[in-house]
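First the structure, in the form of structure tokens, and then the observations on it.
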Amino acid sequence: MSSQRHVVPFVLVTIFIDSIGFGLIMPVLPRLLMQVGGIALDDTIALGAWMGLAMSVASFFAAPVLGNLSDAYGRRPILLVSVAGLALDYLLLAFSNSIPLIFAGRVISGLFGGSFGAAQASIADVTPPEKRARNFGLVGAAFGTGFTIGPAIGGLLSAYGPQAPLLAAALLAGLNFLYGLTFFPDTLKPENRRPFELSRANPLGAWRSMRRLPGMFRAALVLLAWQIASLVYPMTWSFWGIAQLGWSDRMIGFSLAMVGIVIALSQTFITGPVVRRFGERDAATIGLAGATCGFIGYALTSTTWVAFAMFGFIAFQSLVQPSLMAILSRRGTADTQGEVQGISSMAMGIGSIIAPMVLTWPMSWFTGPKAVVHFPGAPFVVAATFALLALALLRQLPRVAR
């Protein structure tokens, strides 16, 4: 039991280190593609869309497998394999001298990017249902804190070339693997494990499982729509900063660091109290409404100080993901929490497949020479539309027990 009390801190540190590595490469990836491929910004944005699509397809097929494997063999081995895969991904990117190799690195990231799902399943294993939204919020805060540090370091290391942040990310992922190998306990009790079934360990199997769990289908649709909307930041922010505001790599890193600070503070100090006061459904509603205002604002802004001033809307957005994850988790049982995480990953995976087509490709068009009007904010308009769709679907969900 003593080791179980340390599960949440272990998970938070794991997510924290993972997010540092993820944030390290974001400021330098656009110019890395332009440098390796010798292409213009609009073509780089389109290439980024294809890479995002390939990464999402890989994640879509891998997520239910990882979720079901964690239900059969425990969370710990899945988490360790995922972290090791990310370390290999960063190394491959650091030494890539061609677009196909960078493409391969993104696919590897999609295949092994299941550490977040395994970590959240560990949280669900040891946390009572009424406290899961709070702990999921702490997971988001750990990600936000790491995301604060990662882009800032990445922006500074970019002075030594785009490979420097990638090598730093690989080192951190390797240290994270050693940390998990030494300290991370398995949280899934033997009596709650179930045999691995191939029929359930695929997207269609996860779809059938979702239909068997009452209320899961509608909740997953809300998460799907929100996933598409929320991906506007990681998929387009660096490109948008260059095209709309003329930012340098260092400025992109600084802005992402500020976003991380907002996310960390809001999910640490706001998510828990708001969920306790209003419940998960209404907390997500508040978050979706605030996020929509932020999307519209970023679509229209053309100055750096306004972009920074609107970070407050991202604080509202921080309410959405933890609340939706708690809503989905309530609809699972003790022996299906890994599968529930697989279902959520499936919904998010479908959203990640759709997002590059509806977010990044329009941005490529509106920043290219054939565009009737130069409008890098186009993806934020699309994001606002999907956020409103998620809000409408959420309000049709029945309230869950608090």
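Just so it is clear, none of the values below were taken in a lab; they were calculated from the coordinates. On a predicted model such as this, the values are computed, not experimentally measured, just so you know. Cβ sites come from the backbone with ideal geometry, for glycine too, and all protein chains shown count toward neighbours.
At-a-glance table
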quantity: Which labelled figure in (1) 1.29; (2) 0.92; (3) 1.02 is Cα Rg over 2.2 N^0.38 Å, once derived from the coordinates; calculated: (2)
quantity: Length released on extending from residue 131 to residue 171, taking residue separation times 0.36 nm less the Cα-Cα span; calculated: 11.0 nm
quantity: J(HN,Hα) series, the range 48-55, from Karplus relation 6.51 cos²θ - 1.76 cosθ + 1.60, nearest Hz, glycine and proline x; calculated: x, 5, 5, 5, x, 5, 5, 5
quantity: Ordering of 363-375, 54-66, 261-273 by packing [mean C-beta count within 10 Å, highest first]; calculated: 54-66, 261-273, 363-375
quantity: Helical mean residue ellipticity (222 nm; -39500 (n - 2.57) per DSSP H run of 4+; nearest 500) of the chain; calculated: -25500 deg cm²/dmol
quantity: Point-charge dipole on Cβ atoms (K/R +1, D/E -1) for the chain, about Cα centre, debye to 20; calculated: 1080
